[in-house]
Amino acid sequence: MAWAKKVLRVNLTDGTISSEPLNMEWAADYIGQRGLATRYLVAETDPGCDALGPDNKMIMATGPLTGTAASTGGRYSVITKSPLTGAVACSNSGGFFGAELKAAGWDMIIFEGRSPNPVWLNIEDDRAELRSADGIWGKSVWEADAAIHKITGDPQTRVAAVGRSAESGCLYAAIINDLHRAAGRSGVGTVMASKNLKAVAVRGSLGVANIKDPKRFMETVAEQKVVLAENAVTGQGLPALGTQVLMNVINEIGALPTNNMQKTQFEGAHSISGEAMLEPRKSDGKPNLTTNAACFGCTIACGRISTIDPTHFSIQDKPQYQHNSGGLEYEAAWAMGADTGVDDLDAVTFANFVCNEDGMDPISFGATVAAAMELFEKGVITTEHTGGMALNFGSAEALTWCAEKVGTGDGFGKDLGLGSKKLCEKYGHPELSMTVKGQEFPAYDPRGIQGMGLTYATSNRGACHLRSYTVASEVLGIPEKTDPAVTEGKAGLVKAFQDATAAVDSMGLCVFTTFAWTLDNMAPQLDAACEGDWTVDRLLEAGERIWNLERDYNMKAGLTGADDNLPERLLKEASKAAPTEGQVCNLHEMLPEYYQLRGWTTDGQLTDEVRQKFSLPG
Amino acid sequence: MLRSLSIDPDKCTGCLQCEMACSLENEGIFNPARSRIKVFTFHEEGRFVPYTCTQCDEAWCMHACPVDAIKMNFQTGALEVNEKTCVGCKVCTIACPFGTINYNRVSGKVIKCDLCGGDPECAKACPTQAITYVDSDATGLEKMRAWAGKTDNAQHAAG
């Protein structure tokens, strides 16, 4: 059955903790993790609630394959209402925390209310208790992690925590687990801090039992591991270069957003690429990359473990950054590099370390700095606002300064912590914010990759690449090549990717497997592990149901079809880079067809037919 | 041919596939906490190291056991714990210099690597060949081959 069939409910307001059975009727329809937790959120909260108020709930959820030997089966998601977007937030993380939670015997934790005082939750198998966060509140994630390990005395304790950015109200604060893996987007860390919850520590020794057919499960897991190993992307590109394998690829096709998306190619792209991370530096002869690293159960191992050049200005007299830690992934390198025009690999790695240490989403952080830089170069933000720092594009000093300011919530860091949308509104230039539904873009320019325009516009959590990664098809030719410059066929492509990805997330697997796997490779694993018959068709149906449920939540939260839009810049200011010269994103050619394929009204509302088809709640 | 587990930490990515394969084989569940092989992460150094019993010939655990519960399986070379005889006194866990034999509070007995009866699951599950099962007399062969490859006799070969 693979589910632990148990939910841990933590009421932070009155400090009570209880255990309850997992709703298996919902699990049959929504699988687990992202889908199932959204079902709980919909049942238990008002979508119109204040995201940072006690009425919002925050759910940490594993999937049925989390904690099993299925490759990449170690993932959990944090589901809540986002303070950045006002839409549903669902942030997925790897590392080891999710599998440990499952091994402790829990499918999910539901946090409700708000603690009167800062606390952290300690879980050892079926025992859970809230403990005072005196001495831990006010510390960075790394310091909190060390302090909690000292208290539990167990090096195997897995910790998920928020940093000082979250405590100071940064709207894109992440939850960091295992020191450098992030439930990164949409401000889930901000919600956690708003509940006065500093950290969740978990130690599980019960394991994942009751696999439906262990022999068949291990056989299919072994077969599918071979598929990942033999695929050029998951078997070679990702282990060698990480997601950073994309930096030069996306730049070369003229789709690398640069300087707050004013341009679509970055002359310094190579300097911050995966290839550059392998080049020995002059000072100590070592490359930026020390090794690749896997999350729990993952046979791809795309993670980066890196050091910063010991002679680099950013880390002088800062011993916490003078050793290995989680290195650059593509989206982070893009946001804090290309989008800010910074081509200094060590400065970008430093900013990444700070994002891990103090729990910021590096995409939103970098893109917000990029917006601030454009405001600065246009003379709207001045050194009077920043306290002296010149925020010019390309300034490594400005980037590293901004990271530390947002990390600690000091001075101008408060403004930067608003995110691009509210920052640009505050300074009177909302048109300079490169966001959808209030969330910053990731690293693919929709003027060069049309399908990504529709992906961003319709994503249920605001601009996001992980909801339907059509880059796979439009750039890499997976599962089949489509032309990135054309809009024809993209509505269907986006819908198919959205539905499939919702199912992948909800099983507890990593979306990066989809460079090699389709649902055909995953369904047999889920079917061998879980009760019931799990086919590709059933997974697709569940994925579509989950997508509609998330959409329904957003509509009830006050969003409308008008929010399925892109900034004017991407619709009207043409790309000037040679490979994509003259192109804008033709969203209007895709969106009506997309609504039609979804069975929604022409203004993007769910219909009764769709509600009935998927048995959506009220 | 007697075979041994050979561990090359440089190839390890820290994925724990070995721990899950071990616990499934021995406990019937996925449970790294009950694995006989452990992967250690040295985060600040950027290193992962799998570690398990090396099956000593003159095993400290075997000699320390007061009830002779630990015996060598001469087919595989593994030191095996007889669960029926083991009384859970844990003296072996004190005697072992490497810490690779441990008490299991669920069974009340000690557990250690037994090479899965000659077909170790950890080696089969490892995606990077950081754990292999090779000729006991030649566990250094691949290291020797790597160093041999660095021997500078290219000119001879060319000539």
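Every number here is computed from the coordinates shown, using simple stated rules; none is lab data. Just so it is clear, the model here is predicted, and its values are computed rather than measured. Here the Cβ is made from the backbone with ideal geometry for all residues, glycine too, and neighbour counts use every protein chain on show.
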Seminar exercise, completed: If every Lys and Arg gets +1 and every Asp and Glu gets -1 at its Cβ, then about the Cα centre chain B yields a dipole, in debye to the nearest 20, of 320 debye
For this session: Taking 7 Å along the Cα-to-C-beta vector as the label spot, tell me the B:Met72-B:Asp8 distance in nanometres, rounded to one decimal.
Result: 2.8 nm
Exercise. So for B:Val91, A:Val584, A:Val221, fewest C-beta neighbours within 10 Å to most, what's the order?
Worked result: B:Val91, A:Val584, A:Val221
Exercise. Between A:Ala28 and A:Glu44, how many nm apart are label points set 7 Å from Cα along the C-beta direction?
Worked result: 2.2 nm
For this session: Could I have the simple spin-label model distance between B:Ala138 and A:Asp410, label points 7 Å from Cα toward Cβ, reported in nm to one decimal?
Result: 6.2 nm
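Set the Förster distance to 56 Å, then compute FRET efficiency between A:Glu267 and A:Ser18 from the Cβ-Cβ distance, nearest 0.05.
My answer for the efficiency is 0.45.
Report the charge-dipole magnitude of the stretch A:450-613 in Debye, nearest 20, computed about the Cα centre from +1 at each Lys and Arg Cβ and -1 at each Asp and Glu Cβ. Before the final figure, lay out the partial values.
Working: 15 positive and 25 negative charges, 85 e Å.
Once rounded to the nearest 20, the dipole reads 420 debye.
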Problem set entry | Dipole axis of chain A (+1 Lys, Arg; -1 Asp, Glu on Cβ), positive-most option in A:Thr258, A:Thr382, A:Pro524 | A:Pro524
Exercise. By the gyration tensor of its Cα atoms, with a ≥ b ≥ c the square roots of the eigenvalues, what is the shape of the stretch A:157-252: rounded for a/c under 1.5, prolate for a/b over b/c, or oblate?
Worked result: oblate
Exercise. What average number of partner chain Cβ atoms lie no more than 10 Å from the Cβ of the residues making up B:9-15?
Worked result: 6
For this session: Please identify the longest segment of chain A free of exposed GluC sites (Glu not before Pro), where exposed means a DSSP state other than H, G, I, E or B and no more than 16 other Cβ atoms within 10 Å.
Result: A:1-266
Problem set entry | DSSP bridge orientation in chain A - percent antiparallel, rounded to nearest 5 | 80 percent
Exercise. Once amide H atoms are built 1.01 Å from N in the peptide plane, which residues 5 or more positions from A:Gly15, or in another chain, come under 5 Å H to H?
Worked result: none
Exercise. By counting other Cβ atoms within 10 Å of each Cβ, how are B:Met72, A:Met192, A:Met555 ranked from fewest to most?
Worked result: B:Met72, A:Met555, A:Met192
For this session: Give me A:Asp126, A:Asp317, B:Asp114 ranked fewest to most by other Cβ atoms within 10 Å of their Cβ, as a rough exposure proxy.
Result: A:Asp317, A:Asp126, B:Asp114
Problem set entry | DSSP-defined antiparallel bridges as percent of all bridges, the stretch A:1-152, nearest 5 | 85 percent
Problem set entry | Gyration tensor verdict on the stretch A:6-203 (Cα atoms; rounded if a/c is under 1.5, prolate if a/b is larger than b/c, oblate otherwise) | rounded
For this session: Compare the Cα positions of B:Met72, B:Gly108, B:Met62 along the charge dipole of the stretch B:53-112 (+1 at Cβ of Lys, Arg; -1 at Cβ of Asp, Glu; about the Cα centre) and return the one farthest towards the positive end.
Result: B:Gly108
Exercise. Put +1 on the Cβ of every Lys and Arg and -1 on every Asp and Glu Cβ in chain A; which of A:Gly337, A:Val208, A:Val511 then has its Cα farthest towards the positive end of the dipole?
Worked result: A:Val208
Exercise. How high is the FRET efficiency from A:Thr382 to A:Thr311, r the C-beta distance, R0 41 Å, rounded to 0.05?
Worked result: 0.80
Problem set entry | Given charges at beta-carbon only (K, R positive; D, E negative), |dipole| of chain A in Debye | 820 debye
Seminar exercise, completed: Looks like chain A, by Cα gyration tensor root eigenvalues a ≥ b ≥ c and the a/c under 1.5 rounded cutoff (else prolate when a/b is bigger than b/c, oblate otherwise), is rounded
Exercise. Between A:Lys318 and A:Ala578, what length in nm is gained on full extension when 0.36 nm per residue of separation is reduced by their alpha carbon distance?
Worked result: 89.4 nm
Exercise. So what are the ³J(HN,Hα) numbers for the stretch A:92-102, from phi and the Karplus equation (6.51, -1.76, 1.60; θ = phi - 60°), rounded to whole Hz, Gly and Pro as x?
Worked result: 9, 9, x, x, 10, 4, x, 5, 5, 4, 5
Exercise. What is the helix-to-structure angle for B:17-27, meaning the angle in degrees between its Cα long axis and the longest Cα principal axis of chain B, kept from 0 to 90 and rounded to the nearest 10?
Worked result: 30 degrees
For this session: Sort by residue number and name the cysteines in chain B that have no neighbouring cysteine Cβ under 4.7 Å.
Result: B:Cys12, B:Cys15, B:Cys22, B:Cys56, B:Cys65, B:Cys86, B:Cys89, B:Cys96, B:Cys116, B:Cys126
Seminar exercise, completed: Once amide hydrogens are built 1.01 Å from N within the peptide plane, the residues lying 5 or more places from A:Ile478 or on another chain with amide H under 5 Å from its amide H are A:Ser473
